[in-house]
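What follows is a single structure, written as structure tokens, with notes after it.
The values are calculated or read from the model by the stated rules, or taken from the named source; none is laboratory data. Because the structure is a prediction, the values reported are computed rather than measured. All Cβ positions, even for glycine, are placed from backbone atoms using ideal geometry, and neighbour counts span all protein chains on display.
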């Protein structure tokens, strides 16, 4: 059975728009359920799993600038393949729509585009790090 990715993206957008934590959709015998953890439980899980790197995982709400957030839950990759040049570096000028990293989910490589023009101020994730939906990945100035 093949699930339409557009449906999943729409459901994820509805989660955010209506401030929901879980949503289920059924069309005939096809059923899709999307959910996201509440911020408190995500922080708790991350703290217990990797407390030494908590500062890297935090959303850095004190930082000013444009935030590029993860569109999906998955694993972040800073380069197109192991050993290749990174998509962006701190201090690099980037354009709106430019790929800043890849988030892999279910063996699918999802390119994360920049939401605006700017200069990379901070990269908040490490290569190969798990990321949550809506987690800030990069801060632009």
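Residues are listed down the side, and each one gets a yes or a no for (1) more than 22 Å from residue 64 (Cβ to Cβ); (2) surrounded by 13 or more Cβ atoms within 10 Å (Cβ to Cβ); (3) free of Cβ contacts under 8 Å to residues at least 40 places away in the same chain; (4) touching a helix residue (DSSP H, G or I) at 6+ places or on another chain (Cβ under 7 Å):
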site: 74; (1), (2), (3), (4): yes, yes, no, no
site: 99; (1), (2), (3), (4): yes, yes, yes, no
site: 104; (1), (2), (3), (4): yes, yes, yes, no
site: 127; (1), (2), (3), (4): yes, yes, no, no
site: 131; (1), (2), (3), (4): no, yes, no, no
Quick one: would you say residue 79 is assigned to a loop (DSSP other than H, G, I, E, B), surrounded by 10 or more Cβ atoms within 10 Å (Cβ to Cβ), modelled with pLDDT of 50 or more and in contact with a strand residue (DSSP E or B) (Cβ under 9 Å, 6 or more places away or on another chain)?
yes
Scan the stretch 106-125 for residues that are assigned to a loop (DSSP other than H, G, I, E, B) and in contact with a helix residue (DSSP H, G or I) (Cβ under 9 Å, 6 or more places away or on another chain) and jot them down.
124, 125
Evaluation of residue 59 against (1) exposed (fewer than 13 other Cβ atoms within 10 Å of the Cβ); (2) modelled with pLDDT under 75 (one fails), failing number
(1)
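Residue-by-condition table, conditions (1) at positive phi; (2) at pLDDT below 85; (3) part of a strand (DSSP E or B):
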position: 43; (1), (2), (3): no, yes, no
position: 48; (1), (2), (3): no, yes, no
position: 55; (1), (2), (3): no, yes, no
position: 64; (1), (2), (3): no, yes, no
position: 67; (1), (2), (3): no, no, yes
position: 71; (1), (2), (3): no, no, no
position: 86; (1), (2), (3): no, no, no
position: 90; (1), (2), (3): no, no, no
For residue 115, which of the numbered conditions (1) out of contact with any strand residue (DSSP E or B) (no Cβ under 6 Å at 6 or more places or on another chain); (2) in contact (Cβ under 8 Å) with a residue 12 or more places away in the chain fails to hold?
(1)
